[in-house]
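Asker: Dropping the structure in here first, questions after.
The values are calculated or read from the model by the stated rules, or taken from the named source; none is laboratory data. Computed from a predicted model, the values in this text were never measured in an experiment. Positions of Cβ are generated from backbone atoms using ideal geometry, with glycine treated the same way; all protein chains shown enter the neighbour counts. Heads up: the accessible areas ignore ligands, DNA and RNA and are worked out on the full protein's heavy atoms, side chains in. Shrake-Rupley method; radii C 1.70, N 1.55, O 1.52, S 1.80 Å.
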Protein chains: 2
Amino acid sequence: MSENWLGAICWNNDGLVPVIAQDVVSNKVLMMAWMSRETLKLSVETGFAHYWSRSRNKIWKKGEESGHLQAIEEFLLDCDSDVLLIKVKQVGGVACHTGRESCFFRRYGHGEWEVISPVIKVMT
Amino acid sequence: MSENWLGAICWNNDGLVPVIAQDVVSNKVLMMAWMSRETLKLSVETGFAHYWSRSRNKIWKKGEESGHLQAIEEFLLDCDSDVLLIKVKQVGGVACHTGRESCFFRRYGHGEWEVISPVIKVMT
């Protein structure tokens, strides 16, 4: 199959694109991470989210250690072709390494970032 | 007021942080853009989204020309402190410069990006 759809994406200078993961059931924004050309292709082919870990500098299959895989239902591209949105079924209901549903668990208020979401699963 | 909350954010090498805007009513992810320290402060102080335009290299008050302002209800910070999520009331129901509700109007299918959302407002 032609890979024009990959070429349509505006990759940044590091060859990556930011990817927002949104839960298809709760509609919560779960996290943002980065994909390379290779990990996007892997994600499309397998149906499971594969990111590029910038800290570990390698392919990161989401949930490969925790079991909290993300099954992707939709891939969406924005108007500037430089951001992706994936709609996912989050296995275990936990996307964050802190054991919370979403990585966005701190809210600004009164000059501080306040934790507003509970830990669902204690991560070991 | 102390600005520790600004210092808590991990700004990238360009002094920016990616910001995801989500509609508080429809829960749709509308767009992703970037804020500088200054535009985040402006956003908190005014309650309206101010981004940093990387293409124009200046402050961009969202909707300043189109009227499609974003009134921010919540600012959320992720676990790594390097991504923000804002929950907004989207004035006019249109976030995208193409006149669509969301910038994510193309979906991957059969090796192509297919337009799946209608233009709500013809932009001049």
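Asker: Do we have A:S81 as at negative phi and part of a loop (DSSP other than H, G, I, E, B) here?
Answerer: Values: at negative phi: no; part of a loop (DSSP other than H, G, I, E, B): yes.
When the stated conditions are applied, A:S81 does not pass them.
Asker: Which members of the range A:16-67 meet the condition of being of a type in the set (D, E) and farther than 15 Å from A:C96 by Cα?
Answerer: From the range A:16-67, those of a type in the set (D, E) are A:23, A:38, A:45, A:64-65; that's our starting set.
Of everything in the range A:16-67, those that are of a type in the set (D, E) and farther than 15 Å from A:C96 by Cα turn out to be A:E38, A:E45.
Asker: Given the options B:R37, B:R54, B:R100, name the one that is in contact with a strand residue (DSSP E or B) (Cβ under 8 Å, 6 or more places away or on another chain) and free of Cβ contacts under 8 Å to residues at least 60 places away in the same chain.
Answerer: Working: B:R37 fails: in contact with a strand residue (DSSP E or B) (Cβ under 8 Å, 6 or more places away or on another chain); B:R100 fails: in contact with a strand residue (DSSP E or B) (Cβ under 8 Å, 6 or more places away or on another chain).
Unique residue meeting the criteria: B:R54.
Asker: If you don't mind, another one. Give the residues of the range B:106-124 that are under 19 Å from the mean Cα position of the chain (by Cα) and at the interface with chain A (Cβ under 7 Å from one of its Cβ atoms), sorted by residue number.
Answerer: B:R106 - this is the single residue of the range B:106-124 that is under 19 Å from the mean Cα position of the chain (by Cα) and at the interface with chain A (Cβ under 7 Å from one of its Cβ atoms).
Asker: Turning to a different aspect of this structure: What are the residues in the range A:1-45 that are in a loop (DSSP other than H, G, I, E, B), within 16 Å of the chain's Cα centre (by Cα) and within 10 Å of another protein chain (Cβ to nearest Cβ), if any?
Answerer: In the first step, residues of the range A:1-45 are kept if they are in a loop (DSSP other than H, G, I, E, B); the result is A:1-3, A:8-15, A:24-28.
Then keep just the ones that are within 16 Å of the chain's Cα centre (by Cα); that gives A:24-28.
A:S26, A:N27, A:K28 - these are the residues of the range A:1-45 that are in a loop (DSSP other than H, G, I, E, B), within 16 Å of the chain's Cα centre (by Cα) and within 10 Å of another protein chain (Cβ to nearest Cβ).
Asker: Test each condition in (1) modelled with pLDDT of 95 or more; (2) open to solvent by 30 Å² or more (accessible area, probe 1.4 Å); (3) out of contact with any strand residue (DSSP E or B) (no Cβ under 6 Å at 6 or more places or on another chain); (4) of a type in the set (A, V, I, L, M) for B:V122 and report the one that comes out false.
Answerer: Evaluating B:V122 over (1) modelled with pLDDT of 95 or more; (2) open to solvent by 30 Å² or more (accessible area, probe 1.4 Å); (3) out of contact with any strand residue (DSSP E or B) (no Cβ under 6 Å at 6 or more places or on another chain); (4) of a type in the set (A, V, I, L, M) leaves (1) as the failure.
Asker: Related question: Pick from the range B:100-119 the residues that are in a strand (DSSP E or B) and not basic (K, R): which of them is most open to solvent (accessible area, probe 1.4 Å)?
Answerer: The qualifying residue most open to solvent (accessible area, probe 1.4 Å) is B:E112.
Asker: Could you look through the range B:46-99, keep only residues that are away from every other protein chain (no Cβ under 12 Å) and more than 14 Å from the chain's Cα centre (by Cα), and pick out the one that is most open to solvent (accessible area, probe 1.4 Å)?
Answerer: Across the range B:46-99, the extreme among qualifying residues is B:E65.
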